[in-house]
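The values are calculated or read from the model by the stated rules, or taken from the named source; none is laboratory data. Not measured: the values here are computed from a predicted model. Neighbour counts run over all protein chains shown; Cβ positions are idealised from the backbone, glycine included. Side chains included, ligands, DNA and RNA excluded: accessible areas come from the protein's heavy atoms. Shrake-Rupley method; radii C 1.70, N 1.55, O 1.52, S 1.80 Å.
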Protein chains: 2
Amino acid sequence: MDQLRDTLKVHHLRTTTCREDVLSTFINRKNALSHGDLEGALGENYDRVTIYRTLKTFLEKGIIHKVLDDEGLRYALCSHSCSEEKHQHDHIHFKCSACGETNCLENLHIPAVQLPEGYFPEHFNLLIQGVCPKCN
Amino acid sequence: MDQLRDTLKVHHLRTTTCREDVLSTFINRKNALSHGDLEGALGENYDRVTIYRTLKTFLEKGIIHKVLDDEGLRYALCSHSCSEEKHQHDHIHFKCSACGETNCLENLHIPAVQLPEGYFPEHFNLLIQGVCPKCN
DNA sequence: AAATATTCTGCAACCCCGTTGCAAGTTCGG
DNA sequence: CCGAACTTGCAACGGGGTTGCAGAATATTT
């Protein structure tokens, strides 16, 4: 409980029940969540718009990061908390075609790539799709 | 012209002006296109729905492939034509934060990754965001 | 060249995603 | 406990994407 408040405080956000609930949902379920997932979990308590704005705020403050997907955006907690100025993510995301879950593989980072002359990379996003350990 | 028809024929699709136009738009612009891009280019000639269905058909037949993006899906031509049964892509996509274009870097393929026990990878999708040679 | 079966297109309608403006409610510092 | 600053809910909107159906176009057969 207090941990939630602390996390919010560190990022200069007011503590509201919606923010606490969204944050604890991310912590309890370990995988990446879409807005729809959160609306399913909390939709009776909060307006859709509020959940959208909470996600947007968390993104800006570096509490969560985007996870790309071929059928819609998802979000996951930033492990080492990022700051408003700098998001740093170089880990791999894995989406299971059987159970549909997307997870961060925090320990695996994206291998370096030698780009041609003139390209200046800033962000990397690697999504691997396949079957996860739970589903085979 | 005839090349367009041939491509369609190879994939067992009837030649229609919409399909020819969508295909040639992909060939002329070299970069990845969203549905919106195509609607902008061809929207006066064809209905939105027809363009959606054309994209879906091309996807299924292996003429184009999905390109991940942090703000919506895009599509790009499959270089070595894929088949209905098997899409094979291991190249890198680069999105420029200045001009907004997304391009396939056909020559660069995604480095191998050693996944933990139990993961069975099937598809890989690496998006690098940054500044492209044209924009710096 | 005409008739047929098959496939494609346009239209209307619909649902979901995500955003914005505004008024009312809540948080936090003094 | 007061006021300033921020957050929420509501209503409304635009865009993305899909489906069903009737009419049009394409390919095939004779």
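Are any of the residues in region A:81-94 loosely packed, with under 15 Cβ neighbours inside 10 Å, within 14 Å of chain B (Cβ to nearest Cβ) and under 12 Å from the mean Cα position of the chain (by Cα)? Within region A:81-94, none of the residues are loosely packed, with under 15 Cβ neighbours inside 10 Å, within 14 Å of chain B (Cβ to nearest Cβ) and under 12 Å from the mean Cα position of the chain (by Cα). Look at A:D6 and say whether it is of a type in the set (D, E) and within 26 Å of B:S34 (Cα to Cα). When the stated conditions are applied, A:D6 does not pass them. Of the listed requirements (1) facing another protein chain (nearest Cβ under 9 Å); (2) of a type in the set (A, V, I, L, M, F, W, C); (3) surrounded by fewer than 20 Cβ atoms within 10 Å (Cβ to Cβ), B:A98 misses just one: (1). The residue that is nearest to DNA strand C (Cβ to nearest atom), among those in region B:1-14 that are open to solvent by 60 Å² or more (accessible area, probe 1.4 Å) and not basic (K, R), is B:H12. Scanning region A:54-103 for residues that are modelled with pLDDT under 85 and touching an Asp or Glu at 6+ places or on another chain (Cβ under 6 Å) turns up just one, A:S79.
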